[in-house]
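Working notes for the structure below.
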């Protein structure tokens, strides 16, 4: 990266209202350190405590989702590398959006999981806030979740928590990765608070 590239990157992050950005390995230690950093950034923000709590909660859920669900590609016989991804938190500065926060995370997922994720997120986007809250309560009581969904470690509570705190339906997309042999896609999720 040249100094000019860095200057363009810095200008772009300022224009987009970025408060926090991280890309790389996701570990419990990294998430704890990032959470402390974000907490410090939010302390200086002029938003209400409820908005800050929702931003922080959404950040933790997104980071945990990357940690637990990012597809890692290892050569046969090699140890699985740590989960990797990216997460950003920012504040809208455009007229009409001032005061709203946004959070975006990205991580690789196995292509065979795209249909399942699309189904879950499409259904979630169609729910009202009352339906999201009811679904959350139902999943909290769902003791059979592990028997019915071997892939989800938290009964889908993470996405429900993010959707519950969001002020608009979650946005998501999938993009191809540079390595076609990896059989992964980049999964992006955006929440507005």
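How would 134, 171 line up from fewest to most surrounding beta-carbon atoms within 10 angstrom?
Starting with the residue having the fewest Cβ neighbours, the order is 134, 171.
Divide by every residue of the chain the summed helix terms, -39500 (n - 2.57) for each DSSP H run of at least 4, and state the resulting mean residue ellipticity at 222 nm, rounded to the nearest 500 deg cm²/dmol.
The per-residue figure over the chain is -14500 deg cm²/dmol.
Starting with the fewest neighbours, write out 49, 135 ranked by other beta-carbon atoms found within 10 Å of each beta-carbon. Provide the component values of the computation, followed by the final result.
Values: 49 8, 135 19.
Listed from fewest to most nearby Cβ atoms, that is 49, 135.
What FRET efficiency would be calculated for the residue pair residue 15, residue 139, taking the C-beta separation as r and a Förster radius of 30 Å, to the nearest 0.05?
For residue 15 and residue 139, the calculated efficiency is 0.20.
Order by neighbour count: 119, 46, 25, fewest other Cβ atoms within 10 Å first, most last.
46, 119, 25
Any idea what % of Cα-Cα pairs in the chain are farther than 26 Å?
Pairs farther apart than 26 Å: 36 percent.
Grab the Cα-Cα distance for residue 127 and residue 49, subtract it from 0.36 nm times how many residues apart they are, and report the gain in nm with one decimal.
25.5 nm
Can you give the extra length, in nm with one decimal, that the chain gains between residue 6 and residue 41 once fully stretched, where that is 0.36 nm per residue apart less the Cα-Cα distance?
10.4 nm
Could you work out the relative contact order of the chain, using alpha carbon pairs under 8 angstrom and six or more residues apart, expressed as a whole percent?
Relative contact order here is 23 percent.
None of the figures in this text is laboratory data; all of them are computed from the coordinates on show. Keep in mind that what you see is a predicted model, and the values were worked out from it rather than measured. Here Cβ is always computed from backbone atoms with ideal geometry, including for glycine, and neighbour counts include all displayed protein chains.
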